[in-house]
Structure formats: structure tokens, C-alpha cells
Amino acid sequence: MSSSEPAVDDTLDTPFFLRWLTAAATSVSREAARLTDLDSAIGDADHGTNMQRGFAAVTEALEKEPPGSPGATLILAGRQLISKVGGASGPLYGTLLRRAGKALGDAEQITPQQLADALRAGVDAVAQLGGAAPGDKTMLDALLPAVEALGGATGSFAAAGEAAEKGALATVPMLARKGRASYLGERSVGHQDPGATSSALLIAALAEAAR
Amino acid sequence: MKMLINVPETVVADALRGMAACHPELIVDVENRVIVRRDAPVEDKVGLVSGGGSGHEPLHGGFVGPGMLDAACPGEVFTSPVPDQMVRAAAAVDSGKGVLFIIKNYTGDVLNFDMAAELAEDEGIQVAKVLVNDDVAVTDSLYTAGRRGTGATLFVEKIAGAAAAEGAPLERVESIARRVNELSRSFGVALSPCSTPSKGGPTFELPAGELELGVGIHGEPGRERRAMMTSHEIADYAVQVVVEDLRPENPVLLLVNGMGATPQLELYGFAAEVHRALGERQVAVARTLVGNYVTSLDMAGASITLCQVDEDLLRLWDAPVRTAGLRWGA
């Protein structure tokens, strides 16, 4: 854990969540071409473009009507992703943030542990909506290890980011069983999942927001 | 890759502006990406809404009009539309008799339409959904997202559209749509890859001397790759797998569909071979439709779709339709 990381009893406020989503938007925009390249190999070559469009809308909406709580921030961001992204990523990422936001309620300050629990609720909702399980070569393969790392006794944003990154890399040898990549069967093996990759970017942005 | 476009970012909006300019019988909301027949909502009629990624034209916007869809929601190229478009469309076409969503089985389409159905119901609109999954090339649905929705979408939209035009209630329109899907099977063949405007080139590699058997409408891989075959051989292969799966006992509707870059000269030649291959298997063809209807941008190749019909379904197929992409009897 780096010294700038919040301690367990630190609280996270609305500006932290704004910084998180802004950092995520920047990172998605920077990596858009890579996400599209990954999607080109096993999907339909639009993941980077779609995520960039969605997070640009998130940033714009947050600036236009700044929410008053962490929960409201995530709900607004989730709604924007559902309204702007399309494809499977829109509903899945939108649900992740909306459900996490709902779990936070209207508290103005929350603990890292509460954030871990809220993200867990969001990830569970994603699993239910997409009907995917760990090992199916989807965003869950990055998100699940991340929430586990974050919710653990020595949980930190840095640990969550590392776990997500490792999870995304671990999708390379997997056989895709969900989404358009599933039609490739054996031919999906050897490619990193674009959704798991963008999920890792989203989680890595947490540590950036804490700095 | 040369394309007749301005910039990739505005391809869908530009096409919608074109539809607006060329089809005054439609209301084309370019900003919100909804195409609605101008006389909607039609009093006492169930509304039919479909949509999906752009790049499959005339599906779905080209099928909006009397006798078929009431509204269509085009997404970005090969990307499903978002729930806001579908809710807007549902609200525009609901006469109080409810709305049927016709959804092709792709993860993104299914998720977004599911969310839209919930939101529309919150607004007091009764919504039913039918999933089109006719592509026999996908054999193992346990480890995939399941059979894709392709050519049968046209049959579902046309026949359910005719039932709705006759004044059938939502429950019956839904059950007819479901039945048409159950009685339909498709198989597609790619001779070249498709190119998306944002990529500016082919989305997959297909060597000059090979073809992809069982391709999806976004260039998804099929059952196998082989050295290039003749139209006669391709028809035998495609008819065989479709007939094996459907096992038709009644006459069928036949769609010989171009993927976007195969000319009518080739499609009619292929249609002749498909008729021959069906005849050899004692399958009677009641009606044939030949042309580019469910395309995959500039992909060369074709798909065939069979739908087993009884007298009632055939009557609904023959009923008048007046849309940009399909019209007869009206």
C-alpha cells in the first residue's frame, strides 16, 4: 500500500468519485485504440470507440449537474453509459455503476470497505445480467479478483488494480463462452478479452483518484 | 478501402438524413436515432418495434411502414442501439394496444431491449418481446451466446406486421412472431470480409481462394473455411444444413439474401441452384424473395432462410406491405 492510499478508516467523498470517473475517462480515451484492436481480434472492433463515447458522456454529465453524493455520482454515470454506449458494454458497465451507486445510498462520505461492498453488489448484478461465470473470458474475470482484493483484510486500491490487471491477462488462454467472441470457439484462445481490459482500466483509476 | 462517406463518425447520422430526405412517409429523428412511420401511432393497432446495429440495411429502418414495422432503432455500425431509443420508439407507436419488440439474438441487442422493456412498462406501455435466433451455423449454444438472429428477422417482421395490421391483439401478434421464428432457419456464406467505416478496412481476413461457411452478419466465424466452391456446391451445402435442422413438411418461404456486395446476377444464379437443391430434397417453395435485405455492409456472399408456412402464414406473407425496402400489393 502506498502512503498516499486511504487507510481503512479514511472516508471517501463525492470529489473522490468525480476524480475516479474522470481518471477512468482519461484512461479509456488514451487506451481506446488498444481496446478496439483487442476487440477486432475476437469481437467486432468497436469496444474502444464505444467506451470512449460513453465515458465522454459521463464526464460531460458530471460537469453539467454535479451530484451531491458518491452514490448519486455512480448512478448518474451508470445511466449515461446505458444511454450512450450500446452493445453489451453499455448495459453491463451501466449496471455495474448504477448498482454500486444504489448500494451506497445517499451517504455523503463512505469508507473503503463500503465501496468494496458496493462494487461487489455491482459485480454481482453484472454477472446476473450477462449470465456469465468466472472463466468465461469476460469483464468478470477482471472485476471479481478486483473486488476480492479490495474487500480483503489488507485491501487497497493498488491491490485491486493489480488483481484486475492480472485477471485481464489471465483471459488470454481462456475460451470465450459469452458475447460475440463465443462464436470463435477455439479461435478465441490466445487473445486478451477487451471487456476485462477496460474493466482493469476502470479499477486502476481508483488508485489514481486516491492520489 | 474507399467508401462513399464523409467521416466515419457521422456515417449513421448521414444515412438517416438521407432516409429523411427520400422518405417523407417516415419521421426520421436523426438526433435520437428513431425511424417511425409518419401516421403512428395507428389507432387500435399493436406497435412493432425492432432495431439493431447499423450496417444491415435495409434491415430495420427500410422495413418501417404499413404492413411491417412501426418504428426502428438503428445503433452505431454493428453496435446495438441503446434503451432510450427503444423507449422513445415504443412511446411513439403505442396506440394503447401494446408494443412488440423484435430482437435479434445478440448479447447487446438482448440486454438493451430487456432494459428498454422494463423502462417502457414503467411508463405504462405494455411490451412483449420475441427473440429471433434462426442461424443454424451456431451448433453449440451451451458454450456460445446461442444461435444468432439473421434472415428470419425479415419473415418475423413481415408476418407479425401483417397480423398487427389486421388488428390482432398483442398476445396473438407475439405468438405468430414466435411461431415464425420457430419455423425458420438460416445459413450464410462469406466470399469476402466486410469493412466497417471506423476500422476503414476489412474486419477479418479471408484469403482470396477461400470462403467462410456459416458466417454471421457481422463477419462472425462460421462452421468452417474451405477452398472456393461453385454456386452449385454452395447451394447444396447450405440447403443441406438448413433442411437437416428444419425438416420441413410444409412448403417454405425462401429468402435468398445478399450480404451487400454480391450482385443480383450472382444472387439469381444462386437462387436457381437453391431451388434445384430444395427440389432434390422434396421441399416445395411457396414464395421466393431475392435481394439484399439483411446485409453485412460490403461483404460478398449470401445467406438462405427457409420458413415453413401453412395457409394462414402464407396469407399474412402475401398481405400488402409498403416500406422503403419491401413493398407489394399496396
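The values are calculated or read from the model by the stated rules, or taken from the named source; none is laboratory data. Note that the coordinates shown come from a computational prediction; the quantities given were computed from them, not determined experimentally. Neighbour counts are summed over all protein chains in view; Cβ atoms, including those assigned to glycine, are modelled from backbone coordinates with ideal geometry. Only protein heavy atoms, including side chains, enter the accessible area calculation; ligands, DNA and RNA are left aside. Shrake-Rupley method; radii C 1.70, N 1.55, O 1.52, S 1.80 Å.
Residues in the range A:61-115 average 40 Å² of solvent-accessible surface per residue, probe 1.4 Å, ligands and nucleic acids excluded. Between the C-alpha center of the range A:177-211 and that of the range A:126-161 there is a gap of 11 Å.
Sorting A:GLU165, A:GLU186 by solvent-accessible area of protein heavy atoms yields A:GLU186, A:GLU165, largest first, with a 1.4 Å probe.
Over 20 Å between Cα atoms, which of A:LYS102/A:LYS166; A:LYS64/A:LYS84; A:LYS84/A:LYS166; A:LYS84/B:LYS2; A:LYS102/A:LYS137 qualify? Checking Cα-Cα distances, A:LYS102/A:LYS166; A:LYS84/A:LYS166; A:LYS84/B:LYS2; A:LYS102/A:LYS137 exceed 20 Å. Applying 1/(1 + (r/R0)^6) with r as the Cβ-Cβ distance of B:MET228 and A:ASP13 and R0 = 51 angstrom yields a FRET efficiency of 0.20.
Computed about its Cα centre, the charge dipole of chain B is approximately 540 debye, with only Lys, Arg, Asp and Glu carrying charge at their Cβ. In percent, rounded to a whole number, the relative contact order of the range A:78-191 is 18, using alpha-carbon pairs under 8 Å and six or more apart. Rolling a 1.4 Å probe across all protein chains gives B:SER50 an accessible area of roughly 0 Å². Association of chains B and A removes close to 2200 square angstrom of accessible area from solvent, both sides included, for a probe radius of 1.4 Å. For chain B, set up a GNM with springs between Cα atoms under 10 Å and report which of B:VAL274, B:VAL127, B:VAL243 has the largest fluctuation. Its mean-square fluctuation being the largest, the pick is B:VAL243. Would you jot down the residues in the range B:207-250 that end up with at least 40 Å² less accessible area in the complete protein assembly than in the chain alone, with a 1.4 Å probe? When all protein chains are present, B:PRO221 each give up 40 Å² or more of accessible surface. A 1.4 Å probe over all protein chains sorts B:THR10, A:THR154, A:THR36 by accessible area into A:THR154, B:THR10, A:THR36, starting with the largest.
Rolled with a 1.4 Å probe across the full set of protein chains, the surface gives B:ASP245 an accessible area near 60 Å². Within the full protein context, the accessible area of B:VAL136 is estimated at about 0 Å² for a probe radius of 1.4 Å.
Extending 7 Å from Cα along the Cβ direction at B:TYR143 and again at A:VAL189 yields two label points whose distance is 0.9 nm.
Per residue of A:36-45, other chain Cβ atoms within 10 Å of the residue Cβ number 4 on average.
Could you tell me the center-to-center distance, by alpha carbons, between the range B:216-235 and the range B:245-314 in angstrom? After rounding, the separation between the Cα centres reads 15 Å.
Summary of packing: across the peptides B:205-217, B:281-293, A:136-148, the per-residue average of other C-beta atoms within 10 Å ranks them, highest first, as A:136-148, B:205-217, B:281-293.
Could you work out how far the C-alpha centroid of the range B:1-76 sits from that of the range B:97-131, in angstrom? That distance is 18 Å.
For the protein assembly as shown, DSSP calls about 55 percent of its internal beta bridges antiparallel. Computed over protein heavy atoms with a 1.4 angstrom probe, the accessible surface ordering of B:TRP317, B:TRP328, largest first, is B:TRP328, B:TRP317.
Please give the charge dipole size of the protein assembly as shown, origin at the Cα centre, charges +1 on K and R Cβ atoms and -1 on D and E Cβ atoms. Round to the nearest 20 debye. Kindly include the intermediate steps, with their values, before the conclusion.
Values: 46 positive and 69 negative charges, 127 e Å.
Here the size comes out at about 620 debye.
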